[in-house]
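The structure appears right after this line, and notes come after that.
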Amino acid sequence: MSNVSLVENNNEESISYSNDDLYNISSWGADMTFRELTLMYSEGDLVKPELQRKFVWTIDEASRFIDSILLGLPVPSIFLAVDTDEKRLIVDGYQRIMSVNDFFRGIFTNTEKVFRLSNKNNINKKWRGKTFDELTTEEKRRIRTTTIHAIIFEQKHPKDDTGMYQIFERINTSGKSLKSQEIRNCVYQGSFNSLLFKLNLNDNWRKILRSEKEDSRMGDIELILRFFAMSEFEKSKEFNEKQINLNKYLNEYMGKNRNLIKEDIDELENQFVSTLEIALKFFGINVFKRKNSKHVYLKKIHPTTFDAVAVSILKAIEKGFDFNENIDFSKRYENLLLDKEFQNATSSRTTNVVQIKKRFNIASRYLFDLNYFEN
């Protein structure tokens, strides 16, 4: 995973929100032993969000945590959420649970090597370098029966996890705030989320992003979600409003499409793949990017330019536009970027619905002589 963002940042589109869904969240506490937690994990009743964490603990960090358990020191609480299918989703505490789980099974996930406690001085000398099986019966029992306090959340109504996004956003004991798409990846697991990960590996997509490595904070995956969500903007309730909260709009779209059937997944995949093929073939590697003051293309994708251009390409495909190689699409794209109205619509008040419609229409006119929102 790349530690460098592949996408230009737009703070205006990253605004958090609060709504009545939070009032429909109930929570309670439960003390659970590590024996219970690891058994639940092995049986699939306790699940981690797909690729929830990119920064896995080192053997030293995991050893230090197990050392604390053996010493009888207090263990920080974990946060779990009741999923729609009654499973427990790990909101916070995955590293701690997996450290103990790996120690029990004898293999450290991060290296796939035998899990021996670190030999460093910050580990009690009684169990330095030992595997779980090499501990005494009493020491093994101490780890298994140690309790950890779990705070468990459940959204009572509506059953769509809209409030859970806000729970993830507000709870952060790891010291590293999660990005919006990282939270969605935690909350909205299902066939659609899996599709986003699959499409993020598409060869044409990686070429346009100019990186074989995925964005460690999922900015590239959020762009794919954005493509699908904005392609259906005309059908949304937000289409007739004055302003949208982009985070909320993307959350609701992802929640609504969380468990799509295979036929629908195949259709969405075809839409994205076809759009990328056209984009790369006719517009080139700089598609979805802006130019700097020296008229040189920037390396990062610009989100509002991306959704206007990508969705306009999809609309042109659906309308049967003749992608003629005699047309200089690169020049059309350059002219689009020079348009003052388009510049304004992609850089100022970008969540204003009038501005959204304007940038879609301008992009469609410049690139394909089409009006995006006409009947």
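Tabulated results
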| read-out | value |
| --- | --- |
| Selection within region 70-127 - buried (at least 17 other Cβ atoms within 10 Å of the Cβ), of a type in the set (Val, Ile, Thr) and more than 30 Å from the chain's Cα centre (by Cα) | 123 |
| Residue in region 207-227 that is surrounded by the fewest Cβ atoms within 10 Å (Cβ to Cβ), counting only those that are more than 20 Å from residue 277 (Cβ to Cβ) and in contact (Cβ under 8 Å) with a residue 60 or more places away in the chain | 213 |
| Qualifying residue in region 312-323 (condition: surrounded by fewer than 21 Cβ atoms within 10 Å (Cβ to Cβ), in contact (Cβ under 8 Å) with a residue 24 or more places away in the chain and farther than 24 Å from residue 229 by Cβ) | yes |
| Any pair with Cβ under 6 angstrom, 6 or more apart, that starts in region 85-104 at a residue that is of a type in the set (Gly, Ala, Ser) and ends at one that is in a helix (DSSP H, G or I) | 99/62; 99/65 |
| Hits in region 269-328 (condition: among the charged types (D, E, K, R) and under 27 Å from the mean Cα position of the chain (by Cα)) | 269, 277, 289, 290, 299, 300, 307, 315 |
| Only listed residue being part of a loop (DSSP other than H, G, I, E, B), surrounded by 13 or more Cβ atoms within 10 Å (Cβ to Cβ), assigned by TED's automatic domain parsing to the domain that holds residue 228 and modelled with pLDDT under 95, chosen from 289, 299, 294 | 299 |
| Condition broken by residue 351, with the remaining ones in (1) farther than 23 Å from residue 193 by Cα; (2) loosely packed, with under 14 Cβ neighbours inside 10 Å; (3) touching a residue at least 60 places away in the same chain (Cβ under 8 Å) satisfied | (2) |
| Subset of region 329-350 (residues that are at pLDDT below 95 and in a loop (DSSP other than H, G, I, E, B)) | 348, 349, 350 |
| Candidate set: region 64-84, residues that are among the hydroxyl-bearing types (Ser, Thr, Tyr) and touching a residue at least 40 places away in the same chain (Cβ under 8 Å); chosen: the one farthest from residue 38 (Cα to Cα) | 84 |
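The values are calculated or read from the model by the stated rules, or taken from the named source; none is laboratory data. From a predicted model like this one, the values you see are computed outputs, not experimental measurements. Please note: Cβ atoms are built from the backbone with ideal geometry, for glycine as well, and neighbour counts cover all protein chains shown.
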